[in-house]
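Written out below as structure tokens is the structure these notes cover.
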Amino acid sequence: MPEIKIPWWLPQVGTPEERSYLNQALDNNFVNEGPLSTKLETEIATLVGARYAVATTSCTTAIFLALKALGIGADDEVIVPDLTFIATANAVHLTGARPVLVDVEPATLNISLAAMQQAVTDRTKAIVPVHVTGRGAALTKILDFAAKHNLPVIEDAAEALFSKQGDKYLGTFGRAGCFSFAPNKTITTGQGGLIVTDDPELHIALRRLKDHGRPRRGTGGDDRHDTIGYNFKFTDLQAAVGLGQLTYWKQRIARMKKNYELYRAELAGLPGITVFPSQPEEIPQWTDIMVENRRDELETALARQGIDCRKYWFPLHQQLAYRLPDDNFPIANRLSPRCLWLPSAFTLTDADVHQVCVAIKKFFQA
Ligand SMILES: Cc1ncc(COP(=O)(O)O)c(C=O)c1O
């Protein structure tokens, strides 16, 4: 394959702000989870309007911790969408509970309420909706349904940092919301994740669970460990990078929105192509399209021109790890092989996006 000229995604690290915070961490001689981690937690909690934020090693861990802190474990079931990155289900599995896969909505690729209604049992203990590529799941209906069944909602907002529904940030609707700082996200710390919640008890439980059962930093010696816990702490080296990155969040999301708007305008009306919706208050993490026919050929043709796209996840029920018959997942089955993420990096220019659109049009004219 030729060199990538237009990347699907490109993190941007090494800014002067990151270097300055990193020097601070090194000068502090404290690279464990410390003051910079607290600062990152506080800044993100303030930005998204949450009472508490707890940094951790990844969004996978964040979802695991949130479920575990709510007491979910063996013999329990947790409802998750069939079309998501596999981490959503793996985080459930890590608690000992069983991820119950349900189909998605064709218009948004987010969890289907009707499918959820079919899947709920006496064993269901939580719902984990995913805001796919920054597009908010149907939260009003989901929260209503969850309340009726007395189930907590843990939002998988890995792809939805700074995306809103109405005037509220995604991740702040449920009992807890989980974000990812992996390199293909708006803010990266290499790896990393963060849980937001307004619930003071859950907040303390999360702090305990991620730090060996201690509610606050210990000595490693004569600490009291009132509960079982693990080591899923963050580090100030990661926080330094995250704080530096955070300087640029507004520019980055503005560019991601611009990419989306340009794609939507230029691909409008192209037969066989649907650009998935993004509301004005949502941040399209990556612009996704549905290609009715020849998606894989299109992807290959674009790659030959140095245009890097990403094919959608396989439905989880088609992965060996969670294999189930196809019958209950007609939407995921139909859409997964047709969906594609277009180049969506916040480093793209208008000309890059235009070049991608021209290449797509040429492919279908040929
Ligand atoms: C929807 C979704 N959930 C969970 C995750 C897991 O995040 P992490 O890689 O930070 O564990 C991702 C990662 O990309 C994701 O896209």
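The values are calculated or read from the model by the stated rules, or taken from the named source; none is laboratory data. As the structure is a prediction and not an experimental result, all values here were calculated from the model. Because the Cβ atoms are built from the backbone with ideal geometry, glycine has one as well, and the counts that use them run over all protein chains shown. Areas reflect the complete protein model, heavy atoms only, side chains present, ligands, DNA and RNA absent. Shrake-Rupley method; radii C 1.70, N 1.55, O 1.52, S 1.80 Å.
Take every DSSP beta bridge whose two residues both sit in the stretch 16-246; close to 50 percent of them are antiparallel.
Amide H contacts for Thr124 (H built 1.01 Å from N in the peptide plane; partners 5 or more residues away or on another chain; cut-off under 5 Å): Glu77.
Residues whose amide H comes within less than 5 Å of that of Leu170, counting only those at least five positions distant or on another chain, are Ser163, Lys164, Gln165 (H built at 1.01 Å from N in the peptide plane). With both residues required to sit in the stretch 1-130, DSSP beta bridges show an antiparallel share near 10%. Cα centroids of the stretch 203-238 and the stretch 299-346: 38 Å apart. Rg and Dmax of the stretch 67-183, both derived from C-alpha coordinates alone, stand at 12.9, 39 Å. Taking 0.36 nm per residue of sequence separation and removing the Cα-Cα distance, the Arg323/Ala366 pair yields an extension gain of 11.7 nm.
Where in the stretch 286-366 are there trypsin sites (Lys or Arg not before Pro) that are in a DSSP coil and have at most 11 other Cβ atoms within 10 angstrom of their Cβ? Listed in order of number, the matching sites are Arg323. Evaluated on the stretch 249-365, the Kirkwood hydrodynamic radius is 15.2 Å, with distances taken between all distinct Cα atoms. For the residue pairs Lys125/Lys168; Lys250/Lys361; Lys233/Lys258, the alpha carbons lie more than 29 Å apart in Lys250/Lys361; Lys233/Lys258. Karplus-derived 3J(HN,Hα) values for the stretch 31-36, using 6.51 cos²θ - 1.76 cosθ + 1.60 with θ = phi - 60°, are 10, 6, 5, x, x, 6 Hz; glycine and proline are entered as x. Quote the relative contact order of the chain in percent (integer), defining contacts as alpha-carbon pairs under 8 Å separated by 6+ residues. Answer for the chain is 24 percent. Cα extents for the chain along the principal axes, largest to smallest and rounded to whole angstrom: 72, 53, 37.
Accessible surface area normalised per residue over the stretch 249-365 is 47 Å², counting heavy atoms of protein chains with a 1.4 Å rolling probe. Share of carbon and sulfur in the accessible area of the chain stands at 52%, probe radius 1.4 Å. Of the GluC sites (Glu not before Pro) found in the stretch 282-365, those that fall in a DSSP loop while having at most 12 other beta-carbon atoms within 10 Å are Glu292.
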